[in-house]
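Notes follow once the structure below has been shown.
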Amino acid sequence: MARRSLFLKACSSTGCPALTRERFCPRHQHAYSRVRAVANAFYHSPAWRALRALFLASHPFCYFCGLRASEVDHIVPRHQGGTDDPSNLMAMCKSCHSRKGSTNGERWGRAAAARC
């Protein structure tokens with residue numbers, strides 16, 4: 001459960017001037033929650049888990065640094081029309097996957113809330 005802030009802060013949705021104690025104002029929280037539910041349903045599905053396991057078995061090393069891969073990333077994100085075809089997947093270590101997600105600005109939470 002998320003901790004509520006004691007102080008008001010700006011909504012995390014790009015350009016929203018609303019003040020809130022949460023990450024997003026009520027207007028953007030709904031969109032954030034809806035996209036998060038869809039993403040969680042897919043990434044916890046048996047189909048994704050099987051595909052991920054097969055991909056990591058055939059691509060055991062990180063594409064960027066060569067360490068043992070533990071994550072599978074979509075090159076073209078699913079929300080931008082990317083598929084689950086192996087040609088659109090990339091094996092990565094946890095560190096490189098986190099770095100890629102934080103630098104390209106396409107993390108599902110931020111991108112989904114900004115589109116509202």
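Taken together, the values in this text are just the output of simple stated rules run on the coordinates, not laboratory data. Since we're looking at a predicted model, the values are computed, not measured. Cβ: placed from backbone, ideal geometry, glycine included. Neighbour counts: every protein chain shown.
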Notebook entry, point to check: Between E22 and W48, what FRET efficiency follows from the Cβ-Cβ distance if R0 is 25 Å, with the result rounded to 0.05?
Noted result: 0.30
Margin query: Could you give the length gained by full extension between R78 and T14, i.e. 0.36 nm per residue of separation minus their alpha carbon distance, to one decimal place?
Written below: 20.9 nm
Check: Taking R0 as 35 Å, what's the FRET efficiency between A41 and S87 from their Cβ-Cβ distance, rounded to 0.05?
Finding: 0.90
Margin query: Can you order the peptides 78-91, 6-19, 59-72 by their average number of other Cβ atoms within 10 Å per residue, highest first?
Written below: 59-72, 78-91, 6-19
